[in-house]
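K.L.:
Could you have a look at this structure, given as structure tokens, before my questions?
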Amino acid sequence: MGLQPLEFSDCYLDSPWFRERIRAHEAELERTNKFIKELIKDGKNLIAATKSLSAAQRKFAHSLRDFKFEFIGDAETDDERCIDASLREFSNFLKNLEEQREIMALSVTETLIKPLEKFRKEQLGAVKEEKKKFDKETEKNYSLIDKHLNLSAKKKDSHLQEADIQVEQNRQHFYELSLEYVCKLQEIQERKKFEFVEPMLSFFQGMFTFYHQGHELAKDFNHYKMELQINIQNTRNRFEGTRSEVEELMNKIRQNPKDHKRASQFTAEGYLYVQEKRPAPFGSSWVKHYCMYRKAAKKFNIIPFEHRSGGKLGDGEVFYLKECTKRHTDSIDRRFCFDVEAADRPGVSLTMQAFSEEERKQWLEALGGKEALFHSFNRAIVPRPEGSAQLDKMGFTILRKCISAVETRGINDQGLYRVVGVSSKVQRLLSMLMDVKTCNEVDLENSIDWEVKTITSALKQYLRSLPEPLMTYELHGDFIVPAKSGSPESRVNAIHFLVHKLPEKNKEMLDILVKHLTNVSNHSKQNLMTVANLGVVFGPTLMRPQEETVAAIMDLKFQNIVVEILIENHEKIFRTLPDATFPEPVSLSPSPPNAPPRQSKRQGQRTKRPVAVYNLCLELEDGDSPNPPKEDTPPSSLDSLSSPSPTTATVPGPPGPDKNHLLADGGSFGDWTSTGVINRKARAVYPCEAEHSSELSFEIGAIFEDVQTSREPGWLEGTLNGKRGLIPQNYVKLL
């Protein structure tokens, strides 16, 4: 489990646990800041003197290997895992360079030091300043509340009203600042991965050119670099989409926080001041407690908590409520007070003070006291307003008309579905399409009145306007589960199984749409809309949670992966029935092993086959560079893809070598390698796509002849269909 998401709605409760989560985020950023500072120092040591180069490289490699990114939520995407693993890969490359005893490039200042210093000063430094403001406002807010609540009720009404207004304004200002600070904390946690790794890529790429055998090393590094650039690009694209969703949710909560309170197990919860009586002549004191009440069990929990002492949490108490009584100002010289009597403590009565009259009335309602209001502390989930779009015959007509027009007129348009149309034109077109009287009159294929970007935007708007997302609220969580874990094959099988659980109309429309998106991705060489880019666009369009929270938005990247799987496996998912014996998606099988790393004849270790990633490379001719889409992706976000890309997209093979993996005859690969067993047959248990001319490509079940050990550690040599080549050792079983 990584860092817990910081919910905007919790800014208004400001609970002890919310403060604990904030401190965890702050501690992680401080750790990152210290790490980057140390890494910059290590980088400068590389330039300082050639004599200390070897020691500095070892230290640098050690720092990279030991650092691990934290993430928000309960899982990472495959792209994020590859980014996380990249630091360890970089460390391995450094060790290879150290063995060669060559001189490191002195261009590290421009490629690494300055970008990291800029990130540390502009991003992490900005968070530090926000923290100072947040801590200062926390102190100010709760000090003012303390002072305000100590006002005598006998003062003039005008004076009290003026004080109330001042406190309320201060509280609103504090909530605004809290929202901004929480948003900034989570943004920097997500941003730091690609902001940090991209300078590292530049540093490593430049470094190889200064070695005597740099050309060979660069060839080996280039394969990994290209895949990591795609991982970074995918992560960046998902970050942009997630950030816009987070900002939209923050603005909704800012405008109407009461309507976006999260569902809670408690009937009421929040801060109350509790009177603690002391022996004469010391009188009494008022201590702030975080209070939680369950109406069904009449169970009351109170926990002392002081924000101004660094979030000190005291020992809590639990009692069962007998009755609640409102206190009037003629019996106590404080406002907003009420008494609660404990059922399990005869004769014990506690006097409590709310922050305002409105909050006191809410507590009285929850506790069964007098003057109750007819509303609850915890509101139900706010349903999304239903638009006029429906999943009916008219909806299918709209979908088919738009798809036909796009495939006829704009299948090769760059940034298809990412470039948006003018809002007024999009609304006008959608209104005409949804009107029975005008729908048939709209000619999208031949009319120049409607641009392709207007048509694509209208199609997306129709899908977003449905009362329920096309992939349904009910199955939303089930679809997310396989995207977070499991092998490539198990993910596809799980999505296949779930698609056939959709209502028939939903499945039919999804089939039509995904078939079209598959066609769009097949033209990605011209339109630049790879499967990954289409996932970014249609993930939040086809899937969304019923309740809008930061935690749900953090799963947006997994929605994109689900859409990628649908596009890449359209024929299997929609044209065949799922396995009737397939288990529920929550019990996915573990990932199969990785292909082992290759050894270059003249160099050190080559890059290993990464964990399977459901995205396609941009299919470009050698020397071509893609033009970035115009929408949703900032100009700099595609710059890293300007290097020549592979001409075909490959879904890499299964992850991780395992030398103790048992063979069919009871032995292990380790035993086989050491004993030098030769001239045996073997059967493929995983499919493999060759990445070099010396390797064999094969499907599950392929039979290899004359199999023997290879000089390449972790690889075998064998013959398939008359061709001899290398086979990943942990992809086969002996016969």
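K.L.:
Could you list, in sequence order, all residues of region 217-257 that are over 23 Å from residue 558 (Cα atoms) and either open to solvent by less than 10 Å² (accessible area, probe 1.4 Å) or not assigned by the TED database to the domain that holds residue 205 (or both)?
P.N.:
Hits for region 217-257 are 221, 251, 252, 253, 254, 255, 256, 257.
K.L.:
Scan 498, 528, 517, 502 and give me the residue that is surrounded by 20 or more Cβ atoms within 10 Å (Cβ to Cβ) and under 13 Å from residue 471 (Cβ atoms).
P.N.:
498
K.L.:
Taking only region 127-171 into account, find how many residues are without any contact (Cβ under 8 Å) to a residue 40 or more places away in the chain and not in a helix (DSSP H, G or I).
P.N.:
2
K.L.:
On the basis of being basic (Lys, Arg), under 19 Å from residue 466 (Cα atoms) and surrounded by fewer than 21 Cβ atoms within 10 Å (Cβ to Cβ), does residue 572 make the cut?
P.N.:
Spelling it out, it is not the case that residue 572 is basic (Lys, Arg), under 19 Å from residue 466 (Cα atoms) and surrounded by fewer than 21 Cβ atoms within 10 Å (Cβ to Cβ).
K.L.:
Taking into account only those residues within region 301-331 that are open to solvent by less than 20 Å² (accessible area, probe 1.4 Å) and either of a type in the set (Gly, Ala, Ser) or not in a strand (DSSP E or B) (or both), which is farthest from residue 149 (Cα to Cα)?
P.N.:
311
Listed here are the residues, each with its yes/no results for (1) open to solvent by less than 10 Å² (accessible area, probe 1.4 Å); (2) of a type in the set (A, V, I, L, M); (3) free of Cβ contacts under 8 Å to residues at least 60 places away in the same chain.
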site	(1), (2), (3)
9	no, no, no
24	no, yes, yes
36	yes, yes, no
41	no, no, yes
52	no, no, yes
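K.L.:
Report whether or not residue 51 is over 22 Å from residue 221 (Cβ atoms) and either at pLDDT 80 or above or part of a helix (DSSP H, G or I) (or both).
P.N.:
The answer is no for residue 51.
K.L.:
Sticking with this structure for a sec: Quick one: in region 124-151, which of the residues that are open to solvent by less than 30 Å² (accessible area, probe 1.4 Å) and among the polar types (S, T, N, Q) is nearest to residue 173 (Cα to Cα)?
P.N.:
Ranking the qualifying residues of region 124-151, first place goes to 141.
K.L.:
Tell me the residue from 553, 565 that is β-branched (Val, Ile, Thr) and either farther than 23 Å from residue 230 by Cα or modelled with pLDDT under 90 (or both), please.
P.N.:
The match here is 553.
K.L.:
Does region 322-330 include one or more residues that are among the hydrophobic types (A, V, I, L, M, F, W, C) and more than 15 Å from residue 298 (Cβ to Cβ)?
P.N.:
Checked against the condition, which is being among the hydrophobic types (A, V, I, L, M, F, W, C) and more than 15 Å from residue 298 (Cβ to Cβ), region 322-330 yields no hits at all.
K.L.:
Right, next: Among what's in region 445-456 and is open to solvent by 10 Å² or more (accessible area, probe 1.4 Å) and closer than 16 Å to residue 423 by Cα, pick the residue that is nearest to the chain's Cα centre (by Cα).
P.N.:
Filtering first and then ranking leaves 453.
K.L.:
For the structure I just gave you, tell me whether residue 473 is in contact (Cβ under 8 Å) with a residue 24 or more places away in the chain, buried (at least 20 other Cβ atoms within 10 Å of the Cβ) and among the aromatic types (Phe, Trp, Tyr).
P.N.:
No: the conditions fail for residue 473.
K.L.:
Just need a number here: residues in region 461-478 that are in a helix (DSSP H, G or I), among the charged types (D, E, K, R) and under 25 Å from residue 421 (Cα atoms).
P.N.:
Going through region 461-478 one residue at a time, the tally reaches 1.
Conditions tested, residue by residue: (1) in contact with a Phe, Trp or Tyr (Cβ under 9 Å, 6 or more places away or on another chain); (2) within 22 Å of residue 536 (Cα to Cα); (3) free of Cβ contacts under 8 Å to residues at least 12 places away in the same chain.
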site	(1), (2), (3)
398	yes, no, no
416	no, yes, no
437	no, no, yes
449	no, no, yes
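K.L.:
For region 246-288, give me each residue that is of a type in the set (D, E, K, R) and modelled with pLDDT of 80 or more.
P.N.:
Selection gives 247, 248, 252, 254, 269, 276, 288.
The values are calculated or read from the model by the stated rules, or taken from the named source; none is laboratory data. Bear in mind that the values here come from a model prediction, so they are computed numbers and not experimental data. Counting neighbours? That spans all protein chains shown, and the Cβs are built from the backbone with ideal geometry, glycine included. Heads up: the accessible areas ignore ligands, DNA and RNA and are worked out on the full protein's heavy atoms, side chains in. Shrake-Rupley method; radii C 1.70, N 1.55, O 1.52, S 1.80 Å.
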